[in-house]
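Visitor: Dumping the structure here so I can ask a few things about it.
The values are calculated or read from the model by the stated rules, or taken from the named source; none is laboratory data. This structure is a prediction, so every number in the text was calculated from the model and none was measured. No Cβ is skipped: glycine too gets one built from the backbone with ideal geometry, and neighbour counts run over all protein chains shown. Note: areas computed on protein heavy atoms with side chains; ligands, DNA, RNA excluded. Shrake-Rupley method; radii C 1.70, N 1.55, O 1.52, S 1.80 Å.
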Amino acid sequence: MHIFTLFKKDLLLEIRQQYTFYGILLYIASTIFVLYLAMGQPEDTVWKGLFWMIQLFICVNAVAKSFLQESRGRMLYFYSIAGAKDFILAKLLFNSALMVLMSVVSLILFLLLGNPLTNFVEFCGLACLGGWSLSLVFTFLAAIAARAQHNAAMMAILGFPLIIPQLLLLMRISNIAFSDVYQSGLLQMILLLFGLDILVIFLSVILFPFLWKD
């Protein structure tokens, strides 16, 4: 019950303020426009690399502020009405939904650089899966950074070894969207990515209550 109440709170704040949505929409549109002016329609491999790079920066801008905007007074209030597990799960749920939406929007706008995708539907699902995976990692890191006196440097240091395996997996999996033939090992890579996501969720649920007490 507390999870959905906290999720609804974040959703209502986002609908009222809309800073994140329009800010990221402007970021995506301006970045793609500059890339189009500089490169025209890039090759398949360049298109794929640019897409996941943009997704990474979108996730940092969208998710990092979720904890940084919470004041100490708000955190004390949430501490009195909800538990640590409910709070972190609500944040994970909201940021996941936000990043899935942003992934779809960015993919649609990215088609301005051309459409080299052989299997658009599969890549759209992969974009949503990748957005979900990135949001889980950065939500976990943002929670740590927020409890460490809003130390953004800690978020960057901890994020590098966690995000690189996911980006490598996403790059390997996305090759199917640029290929007409079936690639072996695809299912194993998708399951491995799901396993990393579940691991991040368990780590968040286990470790955040210790930060919450501080």
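Visitor: Could you please tell me which pairs satisfy a Cβ distance under 9 Å, a separation of 6+ or placement on different chains, a first residue in the range 13-34 that is over 17 Å from Ser106 (Cα atoms), and a second residue that is of a type in the set (Val, Ile, Thr) and assigned to a helix (DSSP H, G or I)?
Guide: Glu14/Thr20
Visitor: Working only within the range 19-70, note down all residues that are of a type in the set (D, E, K, R) and within 30 Å of Leu211 (Cα to Cα).
Guide: Initial filter on the range 19-70 (of a type in the set (D, E, K, R)): 43-44, 48, 65, 70.
Once the filter is applied, which keeps residues that are of a type in the set (D, E, K, R) and within 30 Å of Leu211 (Cα to Cα), the range 19-70 yields Lys65, Glu70.
Visitor: Cβ-Cβ below 7 Å, separation at least six or inter-chain, first residue in the range 136-148 and over 11 Å from Trp212 (Cβ atoms) and among the hydroxyl-bearing types (Ser, Thr, Tyr), second modelled with pLDDT of 85 or more and buried (at least 22 other Cβ atoms within 10 Å of the Cβ): which pairs?
Guide: From residues that are over 11 Å from Trp212 (Cβ atoms) and among the hydroxyl-bearing types (Ser, Thr, Tyr), the pairs are Thr139/Lys91; Thr139/Leu92; Thr139/Asn95.
Visitor: Do any helices (runs of 4 or more DSSP H) lying entirely in the range 44-138 carry at least 1 residues that are under 23 Å from Ala29 (Cβ atoms) and in contact with a Gly (Cβ under 7 Å, 6 or more places away or on another chain), and which ones are they?
Guide: Details: elements: 44-63, 65-68, 72-81, 84-110.
In the range 44-138, the matching helices (runs of 4 or more DSSP H) lie at 44-63, 84-110.
Visitor: What is the one condition in (1) closer than 22 Å to Arg172 by Cα; (2) in contact (Cβ under 8 Å) with a residue 60 or more places away in the chain; (3) aromatic (Phe, Trp, Tyr) that Phe78 does not satisfy?
Guide: (1)
Visitor: Let me ask something additional. Between Ile144, Ile201, Ile206, which is at pLDDT below 85, of a type in the set (Val, Ile, Thr) and assigned to a helix (DSSP H, G or I)? First the steps, then the outcome.
Guide: Values: Ile201 fails: at pLDDT below 85; Ile206 fails: at pLDDT below 85.
On inspection, the qualifying residue turns out to be Ile144.
Visitor: Sticking with this one: Being assigned to a helix (DSSP H, G or I) and either open to solvent by 40 Å² or more (accessible area, probe 1.4 Å) or touching a Ser or Thr at 6+ places or on another chain (Cβ under 9 Å) (or both) is the filter here, so list the residues in the range 32-43 that pass it. Spell out how you get there, then give the answer.
Guide: Within the range 32-43, the subset assigned to a helix (DSSP H, G or I) is 32-39.
Ile32, Phe33, Val34, Tyr36, Leu37, Ala38, Met39, listed by residue number.
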